[in-house]
Each structure stands twice: as structure tokens, then as C-alpha cells.
Amino acid sequence: MKSKISIDLHKLSRFVNLFLPILAIIFFLAGLKLSFYYHFLTVSFLFATALNVFYLYLQNGHALLRNFGLLAQGRYMLESVGPELRQYLYASDTEEKPFNRLERAEVYRKSQNIDSASSFGSLHTFDATELKIRHSLFPTPTSELTPYSLTFGEERGIENTHTIRKPYIISAMSYGALGKNAVRALARGAKLADITMNTGEGGYPKYHLMEGCDLIFQLGTAKFGVRNKDGTLNEEKLKEIADKPTIKMIEIKLSQGAKPGKGGLLPKEKISDEIAELRGVSKEHDVVSPAFHSECKDYTSLTQFIKRVQNIANIPVGIKLCIGDLAQFENMIQEFKKQDIFPDWITIDGSEGGTGAAPRAFIDRVGMPLLPALKGANDALNEAGVRNRLKLLASGKLIGPGRQMLAFCLGADAICSARGFMLSLGCIQAIQCGSNACPVGITTHDPKLEHGLDISIKAARVRNYVNNLKHDIDELVAATGCQSINDLSFKHLYVPADSSISPHVPNN
Amino acid sequence: MTKAAKTTSWVFQIIAVIIMGQTLAFKFSGHPTTLAIFEEINMPYGHIIIGVLELAACILLLMPQSIVYGATLGAGLMTGAIIGHITELGWEGERGQLGLLAIATLVSCNIVLFIRRKDIPLIKGILSESNLPKD
Ligand SMILES: Cc1cc2nc3c(=O)[nH]c(=O)nc-3n(C[C@H](O)[C@H](O)[C@H](O)COP(=O)(O)O)c2cc1C
């Protein structure tokens, strides 16, 4: 039904298209008879007419402009500011994705050491699907908690084990996805907070190494930094990196939650000369990594490859994957058991994970979400009787203490987060990570934008974030009546019948 | 943009800047011939206003981020100048020379705009090879 005041945009645009040249003529006449100054308008309308002719007759990529001309630009302009308008004006505090304003505010407050007490009540919908933590009638006094400590590689009895004393690891983000200031701020922050940082699959970790923090070198499917020309592993180069004193561990990336079954992607907008050199690739095209390691064709060769990397590098070696099918995960564990070869840890990345760039459908539709995947993985390891042969790490939107507790209860030994740390650096969730236009200078190589990111101030934010998370986790663990994170288990969770992990709970 | 295209563009940018720039001294010092011209088309202070705009066009044409804006402004000013010659000033003698210089500048600015069409707001979105979303 048409209301009386509705405007017929079709008629309006025809009117505009007709009147642009007519106005140009009118102003020309005015310039002729009244004052030459009218020719400023003559020229403007001549140009507008020319632009309109181009839209209407000379281009065919945009149907709307072809049909309606200049006026249709209004739609594109409005559409282009839509995300900002929604984010600032119209979206409620619990509505935005991937992280709503409440979740982000918690990270910002922790990073800036601002008290994060909230008032009046929860803003969540208390529906039948939310997991909750069961507290105890008799909480542990926080002074009696056992200090956290996790030693990678102890199961294999190797010499160079690596111990972490806070349950946090900065998850893989490559130099390439991140700009150099962001990498250095994170690395310096990791050093200040005494946590370990993953380099991501960006090749030789030049900027990560600068700050002297403990590092996990990530071996991506394209093996940037340690590849032969044909994309296979170059053992000497890997050995060279593994021998550096601050490289404490190596992570073999099998897949990533945001794009499981597809290799990494670095858009050409973001490839500088330096990145091309550190990775050994061309600047002219997007860099697309293969979906899997050419050495890993089946369970047997995958296990052998892990062994091979463990032999080359005399340090702990783990794997990272997003689970597609738990049955395949179980088969993999069986093969590990059969060959008696285990990675020193497994990182389970949930399909809700983040990325610098990936196709929409992979981000949205591929892979198991973290909580059920983590539960399934932990159960599979327990059933096979090998849970004590390795550590289990988890990542996937674990940016606040509440959700991190869920992961600990489901079996995680430590937490990896990428976007939590990006937020602590001041990420405003502008979702520009792939376009080199990150407004806060995190995922960009544009010197003007990177200029805004002060390394030492942001490093301190990273430290504060970690310390405040640790503080909250200690209080939560104490509330459950446990002594340490190790004591947390599935029975500390209240699991409603319709939650995402219910199908994986026996007798449910 | 290929290197050749880039060089061509810069050559025409410089041509436009030189032609517009060398008239600025006459405009700002209020040289009698210049004043006469602006008097004739009845633009008091026209020499200052147009002079300032031409100076702006020259500066924009020389700064890498703003070349297309400079070229657009330059093209607009020259279109105005040509309208002046057609309607009131005519092409006799020195006037003809000035008119031809205006045409040369207009052509240069248009060449620059054509070469750099992928930088022009309102047009660049349509010309980029793929409009597929990339994230
Ligand atoms: C900008 C960015 C770059 C990333 N680069 C990598 C990478 O190089 N290798 C990798 O395995 N994962 C990469 N990831 C995925 C993260 O390491 C992590 O698994 C995922 O984002 C889940 O953690 P989060 O929800 O805390 O962000 C990247 C994520 C982001 C946001």
C-alpha cells in the first residue's frame, strides 16, 4: 500500500536526470546575462551531467546506476556508512557480532585496569541453552589456590621442555595479517605479562623476535619461512629457527576454525615488499596457502610428519586443528597410539575463530564450534587412555573469564586467544582486517594508520589484560571449591538440555 | 597502473601546473591586461578568486594523494575559461593564445583523469575489476 507522502523514486530519478543538463543550460544563460559568476554553477552541472551520462549509458556493471543515474549513488553512499551507523547508533549492547559491546567493554576495561564490576543484573537472556558454572557451597580461600603451571614436552621426557605459569597464550596471528607495530606491541606485552606468543604462519618471525618474549613458531601449510621451492619442508631452515633461544615450541597448523579445509589467505592489498621477502612469495596476487601439508596424506603420514618435526626440533611440537568430524579425530588418536607418537599438545580451534581473510561460507558454515569439539576431543583422549600423553589447548572467542572457565571445565589446559588480544590493543571491531585499512593500525601496513598504535602503551595494556583475566579466573576457580584449573571438570558445569554440547553428553 | 601510464600522467600534470602556474603572477599582482579581462566579463575580484583556485589546483595536482581532485578542479576552471572566451572574450590576438592554453590545460587534466580514473570517487567503485566482496 502506498502512503500519501511516499516519493516515487523512479519518477524522481527521471526528473533529476532530465534537469541536470537543463540546469546547466539555465545557469549558462544566467552567466551570459546576469553575472559571469553563474558559470561556477554551469561548470558544476555540466560535470554532474557528464557523470550521469557515464552512469546511464557508458557502464554496465551496476544496474541501479544504469537505470536511475546519479540519484542511485545515494543508496550506495548510505549503504557504505551502514555498518558504522548500526554499530554506533542502532545496535544494542548485546547484539553485535562477533563480539558485542559488553564483551568488548570487558576486555577494554581489563586492559586499562578499570574496575569491571557491573550493576543491577545480567544482560543475557537466561534461556535454556546457556552453560553455567557450578559454584560450591564451600569456596576455596583464594590464598590457598595452587599456583598454575603447565609443562609442555614433559610426557616425552625431552630436555627442552617449556613451562607456562599463566594459562594464556597469544594465538597465531602472522606478520602480514597484523602490522609490525601490532606484532611488536603483542610481543612486548607477552614479555611483560610473562606469557608465550604464537608467531602465526607468516614466515620468518622477524618482528616477533625483536621483543625477546617466549615464542611458538607456527608451521603453516605453505611452510612460509621454512619452505623449499616446491613447498615441502626445509629441515635446515626449521632447525635454524627452532634453535633460537626464544623459540620455545613449534605448532604444526593443520587447520584453523575460520577456514578449516582451506589454506590461509593474504589479500594482495596487504603484501609489502618485506612480507613478500619474509614469505618468499610474489606481490602481485593474493597468497593462498594449500589446504593441507603435502607431507600429510593420511593418518599414518600425518603421525610420521609430527615425529619428523619433533626429531628436527629439540623442543615441544604440537598441532592445531579445527575438528570437522569427531570420528576422524578419534581415528587420529588411535593412530598416534598405534605408532606411540604423540604431539606435545593439541590446540582445538572452534569454527567461531577469527581470521584476517577467508571466504564467507568458510567463516560461517564450516567446522565444529569450540565447546562441543573440545568436549568430544577430551572424551576421545580419555577413552583411548592417552589424555596424559599430551596437553589440550582451546581457542575460539575465549576472550573473557566466563567463557574461558567453560573451556577449562571441558578439558582445556590453557587458553589461546587472538581477538581477545587484538581488542586489548584497542581493536574497535571495524572488520577491515583484509583491506589494509584497519582504522586503529592493527591489521594494516599503512604507515599512517600504524602510526596511531603506540607500542609501549599497548604492550602495557596486554599485560593488564592478562593479569586481570588471571585474577578473575582465580576467583572463579575458588568459587567452584577447586584448588586449581587442573581440578575443573565437566561436573562443574550446569548443562541445560538444549545446549550446544548436550548431544555429546551420554544419557542426555 | 603501469609505469608508462604513471609517467604519462605526471607529464600532463606538470604541463597543467606550468600553464596555470605562470599566469598566477599576473593574477596576484593585478597586471593591467589580466584586470582588463576580468573587468570585461564583469568579475570584480575575479583575478584573486580564480587565482586562488588555480593555485589550489596546482598544489593538488602535485600531491600524490590528491591528483584527481586537482585535475577535476583544473578541468572545471578551464571549462569556465573556455566559456568566457566563447561568450565574451573572443579569440583575437593574445586572447586566442590564452584560449588555446586553456584548452591545452583542459585536455591535460582530462588525460590525467582518464589515466587515474580508478582513483576518482564516485567512479572508482564501478571500474574496479571485480566488485565481489573480499574479506
Ligand atoms: C587477524 C588474525 C590472523 C590470524 N592468523 C592466523 C594464522 O596465521 N594461523 C593460525 O593458525 N590462525 C590464525 N588466526 C586464528 C587465531 O589464531 C585463532 O585460532 C582464532 O582467531 C580463534 O581465537 P579468537 O576467537 O580468540 O580470535 C588468525 C586470527 C586473526 C583474527
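Being aliphatic (A, V, I, L, M), within 16 Å of the ligand (Cβ to nearest atom) and within 24 Å of the chain's Cα centre (by Cα), is that true of even one residue in segment A:323-336?
yes
Taking the stated definitions as given, is A:Phe47 at pLDDT 90 or above and either surrounded by 15 or more Cβ atoms within 10 Å (Cβ to Cβ) or within 12 Å of chain B (Cβ to nearest Cβ) (or both)?
Taking the combined requirement at face value, the residue satisfies it.
Here are some residues: A:Leu145, A:Leu131. Which one is surrounded by 13 or more Cβ atoms within 10 Å (Cβ to Cβ), farther than 20 Å from A:Leu390 by Cα and assigned by TED's automatic domain parsing to the domain that holds A:Ile195?
Answer to the check: A:Leu145.
Where residues in segment A:183-207 are within 23 Å of A:Val288 (Cβ to Cβ) and in contact (Cβ under 8 Å) with a residue 60 or more places away in the chain, which of them is nearest to the ligand (Cβ to nearest atom)?
Filtering segment A:183-207 for residues that are within 23 Å of A:Val288 (Cβ to Cβ) and in contact (Cβ under 8 Å) with a residue 60 or more places away in the chain, the one nearest to the ligand (Cβ to nearest atom) comes out as A:Glu201.
For residues that are in contact with a Gly (Cβ under 7 Å, 6 or more places away or on another chain) and modelled with pLDDT of 95 or more, tally how many sit in segment A:292-314.
Qualifying residue count, segment A:292-314: 0.
Determine the pairs where a residue that is of a type in the set (Gly, Ala, Ser), located within segment B:22-33, has a partner that is surrounded by 14 or more Cβ atoms within 10 Å (Cβ to Cβ) and part of a helix (DSSP H, G or I) with Cβ atoms under 7 Å apart, the partner being 6 or more residues away or on another chain.
Close Cβ pairs (under 7 Å, with a partner that is surrounded by 14 or more Cβ atoms within 10 Å (Cβ to Cβ) and part of a helix (DSSP H, G or I)) amount to B:Gly30/B:His47.
When segment A:352-375 is examined, which residues are found to be more than 11 Å from every other protein chain (Cβ to nearest Cβ) and touching a residue at least 60 places away in the same chain (Cβ under 8 Å)?
A:Glu352, A:Gly353, A:Gly354, A:Val366, A:Gly367, A:Pro369, A:Leu370, A:Leu371, A:Pro372, A:Lys375
Regarding A:Ile399, is this residue of a type in the set (A, V, I, L, M, F, W, C) and either away from the ligand (no atom under 13 Å from the Cβ) or part of a loop (DSSP other than H, G, I, E, B) (or both)? Even if it seems obvious, please write down each step before you answer.
On the way: of a type in the set (A, V, I, L, M, F, W, C): yes; either away from the ligand (no atom under 13 Å from the Cβ) or part of a loop (DSSP other than H, G, I, E, B) (or both): yes.
Judged against the criteria, A:Ile399 is a match.
Kindly evaluate A:Ala222 against the criterion of being under 28 Å from A:Leu265 (Cα atoms), within 16 Å of the ligand (Cβ to nearest atom), away from chain B (no Cβ under 14 Å) and assigned to a helix (DSSP H, G or I).
It is false that A:Ala222 is under 28 Å from A:Leu265 (Cα atoms), within 16 Å of the ligand (Cβ to nearest atom), away from chain B (no Cβ under 14 Å) and assigned to a helix (DSSP H, G or I).
If the requirement is being within 16 Å of the ligand (Cβ to nearest atom), touching a residue at least 40 places away in the same chain (Cβ under 8 Å) and of a type outside the set (Phe, Trp, Tyr), which of these qualifies: A:Ala459, A:Ala478, A:Ala414?
Selected residue: A:Ala414, the only one of A:Ala459, A:Ala478, A:Ala414 that is within 16 Å of the ligand (Cβ to nearest atom), touching a residue at least 40 places away in the same chain (Cβ under 8 Å) and of a type outside the set (Phe, Trp, Tyr).
Inside segment B:31-64, can you point out the residues that are more than 10 Å from chain A (Cβ to nearest Cβ) and closer than 20 Å to B:Leu113 by Cβ?
Selection gives B:Glu54, B:Leu55, B:Ala56, B:Ala57, B:Cys58, B:Ile59, B:Leu60, B:Leu61, B:Leu62, B:Met63, B:Pro64.
Give segment A:148-205 a look and list any residue that's under 18 Å from A:Gly353 (Cβ atoms) and either hydroxyl-bearing (Ser, Thr, Tyr) or not assigned by TED's automatic domain parsing to the domain that holds A:Ala222 (or both), or say none.
Selection gives A:Tyr168, A:Ser171, A:Ser174, A:Thr199.
Quick one: in segment A:421-479, of everything that is closer than 24 Å to A:Gly82 by Cα and part of a helix (DSSP H, G or I), which residue is nearest to the chain's Cα centre (by Cα)?
Filtering first and then ranking leaves A:Met422.
The values are calculated or read from the model by the stated rules, or taken from the named source; none is laboratory data. Because the structure is a prediction, the values reported are computed rather than measured. All Cβ positions, glycine included, derive from the backbone under ideal geometry; neighbour counts span all protein chains shown.
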